[in-house]
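Reading through the structure tokens given below for one structure.
Nothing in this text is a laboratory measurement; each read-out follows from the coordinates by a stated rule. On a predicted model such as this, the values are computed, not experimentally measured, just so you know. Backbone-built Cβ (ideal geometry, glycine too); neighbour counts: all protein chains shown.
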Amino acid sequence: MKIVIKEAQKEDMIEVMNLIKELANFEKEPKEVEIDSTVLVNDGFKETSYFKSFVAKNENKIVGAAIIYNRYSTWKGRTIHLEDLIVTEKMRSSGIGSLLLDSVVMYAKKLNVKRVSWEVINWNEKAIKFYLKKGARIKKDWSIIHLDSNGLKNYK
């Protein structure tokens, strides 16, 4: 197995979309995915893109992806948010997640950001152990809050 990590290109988005759907199934939220690969191309590959992604390829097939975007912390300044770190199920525990996270961290260092942040579902013990082993801290006293499209529509 020879894994190559590279910045994603437009033509990778169909396979990345498949990984996103696989992750949604794993997280027991398959109906929450509202976008498709066309949206990924439109949002990720223009002069001002909403996200950047890295992909892991094995024998020219995408087996993992990391999707990131810029954020700003009023305490730290420029930061990066890791929206998803996805490795296809059959390739998990083979070091691909580490390679993808390494790429995100190297990119963050290159940009001189002050933090990389992300979320993890509390029942995904394997991912939690992985992140802790990498030196991440889990903020147990914070909650994630979403105002989804329905909430936005009905906002008072």
**Prompt:** In the list Ala56, Ala65, Ala24, which residue meets the criterion of being without any contact (Cβ under 8 Å) to a residue 12 or more places away in the chain and surrounded by 13 or more Cβ atoms within 10 Å (Cβ to Cβ)?
**Reply:** Ala24
**Request:** Quickly run through segment 102-153 and pick out the residues that are within 22 Å of Val55 (Cβ to Cβ), among the hydroxyl-bearing types (Ser, Thr, Tyr) and assigned to a helix (DSSP H, G or I).
**Result:** Ser103, Tyr107, Tyr131
**Request:** Sort out which residues of segment 44-58 are of a type in the set (D, E, K, R) and under 11 Å from Tyr69 (Cα atoms), and write them in order of number.
**Result:** Lys52
**Request:** Please verify whether segment 91-101 includes one or more residues that are in a helix (DSSP H, G or I), closer than 26 Å to Lys28 by Cβ, of a type in the set (S, T, N, Q) and over 15 Å from the mean Cα position of the chain (by Cα).
**Result:** no
**Asked** Somewhere in segment 33-40, is a residue crowded, with 18+ Cβ neighbours inside 10 Å and assigned to a helix (DSSP H, G or I)?
**Response** yes
**Asked** When segment 41-53 is examined, which residues are found to be part of a loop (DSSP other than H, G, I, E, B), free of Cβ contacts under 8 Å to residues at least 12 places away in the same chain and surrounded by 13 or more Cβ atoms within 10 Å (Cβ to Cβ)?
**Response** Ser49
**Prompt:** Hey, Arg78 hits all of (1) touching a Gly at 6+ places or on another chain (Cβ under 6 Å); (2) assigned to a strand (DSSP E or B); (3) farther than 22 Å from Glu27 by Cβ but one; which does it fall short on?
**Reply:** (1)
**Item:** One residue from Lys114, Lys156, Lys133 being farther than 22 Å from Glu34 by Cβ, surrounded by 10 or more Cβ atoms within 10 Å (Cβ to Cβ) and over 17 Å from the mean Cα position of the chain (by Cα)
**Value:** Lys114
**Fill in**
Of the residues in segment 70-90, those that are more than 17 Å from Met17 (Cα to Cα) and within 16 Å of the chain's Cα centre (by Cα) come to Asn70, Arg71, Thr79, Ile80, His81
